[in-house]
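Colleague: Quick one: structure below, then a few questions.
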Amino acid sequence: MQADATPLIRKQYLVSQRNVSKLERLAKHKGTSATAIVREAIDAYDPEGFDALSEKELMTLVSTRLKEAIQDTRATRKKLHKTLKELGTV
């Protein structure tokens with residue numbers, strides 16, 4: 001459930017199997033639920049683009065995405081190093 005305790009409404013939408021697979025991969029990768037990923041995507045969607053964001057909002061978005069990229073890179077490097085070590089190439 002959302003942190004702000006906003007009442008939630010159950011809805012059903014038809015999506016392709018490709019969308020479902022992608023959603024499941026994203027949820028697993030982020031360690032969260034598919035529902036949380038859908039909510040994030042809806043909240044992040046802005047048909048007007050970045051022009052509608054304030055400078056502070058844009059910087060917060062950039063900062064968040066950069067932190068996520070750094071974390072992903074570190075995790076990937078750790079896995080790569082472990083694999084190379086197991087292969088005896090390090």
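Colleague: Would you work out which of Thr83, Thr64, Ser54 lies farthest towards the positive end of the dipole of the range 50-90, given +1 charges on the beta-carbon of Lys and Arg and -1 on that of Asp and Glu, about the Cα centre?
Modeller: In the range 50-90, that residue is Thr83.
Colleague: Between their Cα atoms, which of Lys11/Lys79; Lys22/Lys78; Lys56/Lys79; Lys28/Lys85 are more than 31 Å away from each other?
Modeller: Pairs exceeding 31 Å: Lys11/Lys79; Lys56/Lys79.
Colleague: Considering the options Asn19, Ala34, Ile9, tell which one lies farthest towards the positive end of the dipole of the range 1-45, charges being +1 on Lys and Arg and -1 on Asp and Glu at the Cβ, about the Cα centre.
Modeller: Asn19
Colleague: Consider the candidate values (1) 15.0; (2) 16.4; (3) 14.1; state which one is Kirkwood radius over Cα pairs in Å computed from the structure displayed.
Modeller: It is the value labelled (2).
Colleague: Modelling each spin label as a point 7 Å along the Cα-to-Cβ direction, I'd like the Lys56/Lys22 distance in nm, to one decimal.
Modeller: Label-label distance for Lys56 and Lys22, simple model: 3.3 nm.
No value in this document is a laboratory result; all are computed from the given coordinates. What you see is a predicted model; the values in this text were computed from it and never measured. Neighbour counts are summed over all protein chains in view; Cβ atoms, including those assigned to glycine, are modelled from backbone coordinates with ideal geometry.
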